[in-house]
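Written below as structure tokens is the structure these notes are about.
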């Protein structure tokens, strides 16, 4: 009799767990559908505000003006990349034509060598375009862009130099640089020279060695002596302090090492990604809605500004990381990503149709210490938000 009662209890519990899982999936399915429909509407509106030779960056609500930048700005690839994500889900030919037009505008960047951001500029854009169209011209442009990015590799420091020498830094390498390695790895994996992935692996190893603290938070900038290869100092540019964990920087690291594990299958990278995720998800200053403050140790918490862009990057990274871990870890990462995506889809963070300059998300922070892009929409917040939604749909529905 006791065994029968226990069996029935387990059956009832399993039913409720299954019902709850179905309910979450149905909710997420509708959430994803609604977000892409809104994105289609918003970006059709944004198209009407965008100068023909520039790429949207943010929106100045006070002056009701879209802020668009020249094509060598590091974010120039996110607008066409976002359009391709929208087109993939909606099959809207107007969105596709605008994506193709935007690609033509930024195409000259394939030979740009002024900084490390070629991955953001050319892989987020042409990478998605090639994935969806298999247009060989796009592939050629990605290959040429990887060649340009590789010119910034410095053998003496075993890393890609992020910015040129300036009055603040001698040879700066920033954590953001992990994101640009995806293009190098992809080119090597798709018929290109193996040297590109070798550069990405070497850079990743140097980053693990020099960028991270014992708790797996990262510095933003590591400055090197280009002659000796030695570290001069570890600092920040956009964080609250040299010793603080700038939120978007932690997101870049999480995403970057998850992505590097995808290509290199080196368990050191997987361990690094899991430890970064642990730092982020268990930080006492991470709010319940999992949209981080612009720095995990920002002044004035809990009144500090949030960074929706960091949250979107984290969600996308966690969903990929969930592909490579055991069931318990996978559930933790998916649950955290669901919370982020649900939070970003709420009234607090998501714009209404026809508002916000056509951007989807509000409340991102670009560079707080410079009073730049504070509590505004940012193009890369939308990009990684839609990428995360796509990943959830492809992998977990």
**OP:** Could you list, in sequence order, all residues of the stretch 339-378 that are over 28 Å from residue 65 (Cα atoms) and either out of contact with any helix residue (DSSP H, G or I) (no Cβ under 7 Å at 6 or more places or on another chain) or surrounded by fewer than 22 Cβ atoms within 10 Å (Cβ to Cβ) (or both)?
**Re:** 339, 342
**OP:** Quickly run through the stretch 20-40 and pick out the residues that are touching a residue at least 40 places away in the same chain (Cβ under 8 Å), within 23 Å of the chain's Cα centre (by Cα) and surrounded by fewer than 16 Cβ atoms within 10 Å (Cβ to Cβ).
**Re:** 29, 34, 37
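Going by what's in this entry, would residue 104 be described as more than 20 Å from the chain's Cα centre (by Cα), assigned to a helix (DSSP H, G or I) and under 27 Å from residue 150 (Cα atoms)?
Taking the combined requirement at face value, the residue satisfies it.
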**OP:** Quickly run through the stretch 300-329 and pick out the residues that are crowded, with 17+ Cβ neighbours inside 10 Å and without any contact (Cβ under 8 Å) to a residue 24 or more places away in the chain.
**Re:** 304
**OP:** Six or more apart or on different chains, Cβ under 7 Å: which pairs go from a residue in the stretch 375-390 that's on the phi > 0 side of the Ramachandran plot to one that's part of a strand (DSSP E or B) and surrounded by 24 or more Cβ atoms within 10 Å (Cβ to Cβ)? Could you list them?
**Re:** 375/365
**OP:** Would you tally the residues in the stretch 93-111 being surrounded by fewer than 19 Cβ atoms within 10 Å (Cβ to Cβ) and in contact with a helix residue (DSSP H, G or I) (Cβ under 6 Å, 6 or more places away or on another chain)?
**Re:** 1
Original post:
Does residue 59 qualify as being assigned to a helix (DSSP H, G or I), at pLDDT 95 or above and under 29 Å from residue 338 (Cβ atoms)?
Top reply: no
Subject >> Selection from the stretch 48-75 of residues that are over 15 Å from residue 377 (Cα atoms), in contact (Cβ under 8 Å) with a residue 24 or more places away in the chain and under 20 Å from the mean Cα position of the chain (by Cα) >> reply: 71, 72, 74
Original post:
Among the residues of the stretch 194-203, is there at least one that is closer than 17 Å to residue 228 by Cα, assigned to a loop (DSSP other than H, G, I, E, B) and out of contact with any strand residue (DSSP E or B) (no Cβ under 6 Å at 6 or more places or on another chain)?
Top reply: no
Subject >> Candidates 132, 83 - the one that is in contact (Cβ under 8 Å) with a residue 40 or more places away in the chain, surrounded by fewer than 16 Cβ atoms within 10 Å (Cβ to Cβ), within 21 Å of the chain's Cα centre (by Cα) and not in a loop (DSSP other than H, G, I, E, B) >> reply: 132
**OP:** Output the number of the condition that residue 158 fails; it satisfies all remaining conditions of (1) surrounded by fewer than 21 Cβ atoms within 10 Å (Cβ to Cβ); (2) over 23 Å from the mean Cα position of the chain (by Cα); (3) farther than 21 Å from residue 266 by Cα.
**Re:** (3)
Original post:
Somewhere in the stretch 265-284, is a residue in contact (Cβ under 8 Å) with a residue 24 or more places away in the chain and at positive phi?
Top reply: no
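The values are calculated or read from the model by the stated rules, or taken from the named source; none is laboratory data. Source: prediction; values computed, not measured. Quick reminder, even Gly has a Cβ in these numbers, built from the backbone with ideal geometry, and neighbours come from all protein chains shown.
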